[in-house]
Amino acid sequence: MMNGKEYIESLRGLNHEVYFLGQRIKSIVDEPMFQPHIHTAAMTYELAHDPEHQEIMTATSHLTGERINRFAHIHHSIDDLVKKVRMMRLLGQKTGTCFQRCVGLDGLNAVYVTTYDIDQKHGTTYHERFKNYLLEVQKNDWMPSGAMTDARGDRSLRPSKQKHPDAYLHIKERLKDGIIVSGMKAHITGAINSHEILTMPTRTMGEEDRDFSLSFAIPADAKGVTYVFSRQTNDTRRLDGVLDAGNPKYGIVGGEAIIIFKDVFVPWERVFMAGEYGFTNELVETFAGYHRSNYGGCKVGLADVVIGGSNWIAEAHGIERASHIVDKLTEMIAMAETCWSCTLACSYEGYRTPSGAYHIHPLLANVTKLNITRMVYEWMRLAQDIAGGKIITLPSEKDLENPETMKILTECFAGKEGFPPMDIIKMLRLIENMSVGAGLPEAMHGAGSPAAQKIMIARRSGIDRKMELAKTVAGINRDTDFERIIGKDETAHWNEVKKKIQEKRVQIY
Amino acid sequence: MYSIGLRYCGGCNPQIDRARAVRGLQEGLKKLGMAVNFTADRDSVVDLLLLVNGCVHACLEEAYLKQGGTTRFISAKGEMVDNHYVREDRIPEILIKKIAELIGPPSP
């Protein structure tokens with residue numbers, strides 16, 4: 001297993017084509033715009049070596065029996081699923097942002113589960129291939145990015161009907177030794193600082209979309225792959241200094257990128273789905289289930305940080321005992337722990353799939369994520385409320401360091417005794433970073449937008465059974481439990497009751 | 001006569017109608033002329049256990065494995081039977097197939 005430093009050094013071995021702000025980035029490790037994201041991913045490696053966290057950060061490989069980083073593990077028990085979300089909360093607490101590596105973890109697990117089922121139906125050998133690939137991931141402690149979402153072009157059209165064929169990643173050619181693929185994957189978390197790319201289809205495909213029904217893995221610097229790093233709110237503050245960035249060590253959200261595949265060769269041993277459109281729905285839903293359940297872990301870790309920051313600011317401003325502050329903080333805590341309860345429930349209600357890997361409870365995972373799309377906004381709103389207007393009007397670090405303005409600014413921003421003004425500004429910048437920037441829409445759309453969760457919730461709610469329950473309680477259906485309690489047929493019972501009422505032998509109140 | 005111990009999970013939020021699945025199984029076995037004795041008595045010695053779980057989480061199977069039970073079992077769990085996904089309406093048919101494999105064809 002690599003530690004944090006070794007992970008960062010391992011990225012120097014990549015020779016990929018990355019563009020940002022119109023320029024080719026020669027060394028991603030040395031680029032200040034990327035460093036916070038790299039530090040965050042490094043945390044997933046570093047904590048695996050910390051005896052205080054190894055119990056949840058590492059697991060025993062079911063393939064080799066060796067101790068591995070949990071981010072390369074296939075869940076093989078309910079305990080694994082529970083530890084996975086504990087790991088998410090821990091990393092959210094340590095970094096205050098997205099640590100990126102869970103997308104690849106969920107991709108590994110989803111492809112593991114689905115390739116087994118494809119082979120059962122079609123007699124293919126995808127699962128064995130994938131296990132060989134997984135062994136490499138575990139042995140090298142790689143971070144694969146999970147590349148699911150395509151560019152998608154005109155969403156009213158199926159992938160095969162798009163004006164631009166590359167709107168969806170697809171097979172261009174099938175060769176004896178592999179396939180040639182082209183297309184584009186969008187907003188891929190941690191893409192530029194991953195060792196590998198693991199692709200999955202973005203939606204359910206039909207027969208006409210056979211060539212779009214595709215999953216494979218390639219090295220991140222494979223020939224024909226180009227990255228365009230995405231912009232974020234206030235991103236270039238990282239180039240202005242340290243303080244204004246808010247979270248200069250770990251950044252904000254995951255550092256997403258567009259991945260362009262131009263005639264990329266993938267050898268068959270790294271192809272895990274090539275045309276089995278009937279299994280695209282399973283792969284998408286399995287991945288989405290794992291990923292949506294995570295949000296009740298990582299975002300609650302972030303909530304722990306922002307709740308702590310809000311309470312600290314309230315103390316620094318001398319308002320921590322005001323009843324409305326206590327009420328707001330309590331609201332924030334209750335919402336965060338509600339999401340945590342949801343994600344724990346996803347894990348505890350998980351199940352063993354035919355492949356032997358464990359999957360979370362899909363309905364609860366979608367409920368978890370739907371709560372996240374609302375509650376993150378709400379607890380961040382309360383953080384802004386508690387922090388005050390200063391979070392968007394603070395002077396810059398340069399003005400705070402300018403001898404002409406430094407003294408008066410720091411004196412006036414001093415809070416209660418014992419709270420240095422620069423610390424107050426640091427904390428306000430952190431709250432600004434977490435509550436104003438890209439983290440909010442990420443909570444909305446990451447792992448799928450609310451409408452996607454609602455589709456899944458409606459599909460899996462068991463509404464027919466709920467109607468039967470209601471009909472039984474209402475007396476429309478026969479209630480055999482009630483009949484056993486009263487010791488007779490329900491109709492006969494009510495006839496007797498009515499008769500007794502008429503005879504005024506029971507008191508009505 | 002071949003005996004099957006019938007165990008139901010608690011039924012907190014089942015994805016399938018467990019009792020209907022078992023009724024379908026019993027009727028199916030009867031139609032095929034397969035003589036099987038079902039018992040819910042937990043102390044009876046049986047040839048096979050049928051674990052009827054309402055959902056794929058399969059509390060009953062989990063508990064049985066945890067307690068180290070040694071009797072052979074078939075686990076119906078939501079829309080799965082043992083290691084295979086099965087639509088709810090096909091659960092009785094799959095269970096009959098599995099039981100028939102264990103006890104052999106019905107006597108003429």
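The values are calculated or read from the model by the stated rules, or taken from the named source; none is laboratory data. Please read all numbers here as calculations on a predicted model, not as lab measurements. Cβ sites come from the backbone with ideal geometry, for glycine too, and all protein chains shown count toward neighbours.
Numbers for the structure displayed
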quantity	calculated
The one condition in (1) within 10 Å of chain A (Cβ to nearest Cβ); (2) exposed (fewer than 13 other Cβ atoms within 10 Å of the Cβ); (3) basic (Lys, Arg) that B:ARG72 fails to fulfil	(1)
Residue within the range A:326-341 that is of a type outside the set (Ser, Thr, Tyr), within 14 Å of chain B (Cβ to nearest Cβ) and part of a helix (DSSP H, G or I) present	no
Top-ranked residue of the range A:114-155 - restricted to ones that are over 29 Å from A:GLY255 (Cα atoms) and without any contact (Cβ under 8 Å) to a residue 60 or more places away in the chain, ranked as surrounded by the most Cβ atoms within 10 Å (Cβ to Cβ)	A:ASP119
Criterion violated by A:THR236 - all others in (1) touching a Cys at 6+ places or on another chain (Cβ under 7 Å); (2) at pLDDT below 95 satisfied	(1)
In the range B:1-51, residue farthest from the chain's Cα centre (by Cα) [restricted to those that are among the small types (Gly, Ala, Ser) and not in a helix (DSSP H, G or I)]	B:GLY33
Residues of the range A:404-447 satisfying the condition of being of a type in the set (D, E, K, R) and under 30 Å from A:GLN100 (Cα atoms)	A:ASP423, A:LYS426, A:ARG429, A:GLU432, A:GLU442
Single residue of the range B:53-63 satisfying the filter (in contact (Cβ under 8 Å) with a residue 40 or more places away in the chain and touching a Leu at 6+ places or on another chain (Cβ under 8 Å)) that is nearest to the other protein chains (Cβ to nearest Cβ)	B:ALA58
Answer residue from the range B:12-51, given it is acidic (Asp, Glu) and away from every other protein chain (no Cβ under 14 Å) and is surrounded by the fewest Cβ atoms within 10 Å (Cβ to Cβ) among those	B:ASP43
Condition met for A:GLY301 (of a type outside the set (Val, Ile, Thr) and under 30 Å from A:LEU394 (Cα atoms))	yes
Matching residues in the range A:274-306 - criterion: being surrounded by fewer than 24 Cβ atoms within 10 Å (Cβ to Cβ) and of a type in the set (A, V, I, L, M)	A:ALA274, A:VAL284, A:ALA288, A:VAL305
Selection count, the range B:75-93, where residues are more than 14 Å from chain A (Cβ to nearest Cβ) and either in contact with a His (Cβ under 7 Å, 6 or more places away or on another chain) or acidic (Asp, Glu) (or both)	1
Sole exception among (1) among the hydrophobic types (A, V, I, L, M, F, W, C); (2) under 20 Å from A:HIS127 (Cβ atoms); (3) under 19 Å from the mean Cα position of the chain (by Cα) for A:PHE71, by number	(2)
Counted residues, the range A:63-80 - those being surrounded by 19 or more Cβ atoms within 10 Å (Cβ to Cβ) and within 27 Å of B:ALA63 (Cβ to Cβ)	5
Set A:ARG210, A:ARG203: member being touching a helix residue (DSSP H, G or I) at 6+ places or on another chain (Cβ under 7 Å), modelled with pLDDT of 95 or more, closer than 15 Å to A:THR149 by Cβ and basic (Lys, Arg)	A:ARG203
Which numbered condition A:GLN54 misses (of (1) more than 14 Å from chain B (Cβ to nearest Cβ); (2) out of contact with any strand residue (DSSP E or B) (no Cβ under 7 Å at 6 or more places or on another chain); (3) touching a residue at least 12 places away in the same chain (Cβ under 8 Å); (4) more than 17 Å from A:GLY301 (Cα to Cα))	(3)
Qualifying positions in the range B:1-50 - touching a Pro at 6+ places or on another chain (Cβ under 9 Å), hydrophobic (A, V, I, L, M, F, W, C) and within 25 Å of A:LEU469 (Cβ to Cβ)	B:ALA21, B:VAL22, B:LEU25
Test: residue in the range A:187-197 that is at pLDDT 95 or above, surrounded by fewer than 21 Cβ atoms within 10 Å (Cβ to Cβ) and closer than 24 Å to A:ALA452 by Cα	no
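The rows are residues; the columns are (1) more than 30 Å from A:PRO395 (Cβ to Cβ); (2) part of a helix (DSSP H, G or I).
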{"residue": "A:ILE171", "(1), (2)": "yes, no"}
{"residue": "A:SER182", "(1), (2)": "yes, no"}
{"residue": "A:ALA186", "(1), (2)": "yes, no"}
{"residue": "A:ILE192", "(1), (2)": "yes, yes"}
{"residue": "A:ILE197", "(1), (2)": "yes, no"}
{"residue": "A:PHE216", "(1), (2)": "yes, no"}
{"residue": "A:GLN232", "(1), (2)": "no, no"}
{"residue": "A:ASP244", "(1), (2)": "no, yes"}
{"residue": "A:ILE252", "(1), (2)": "no, no"}
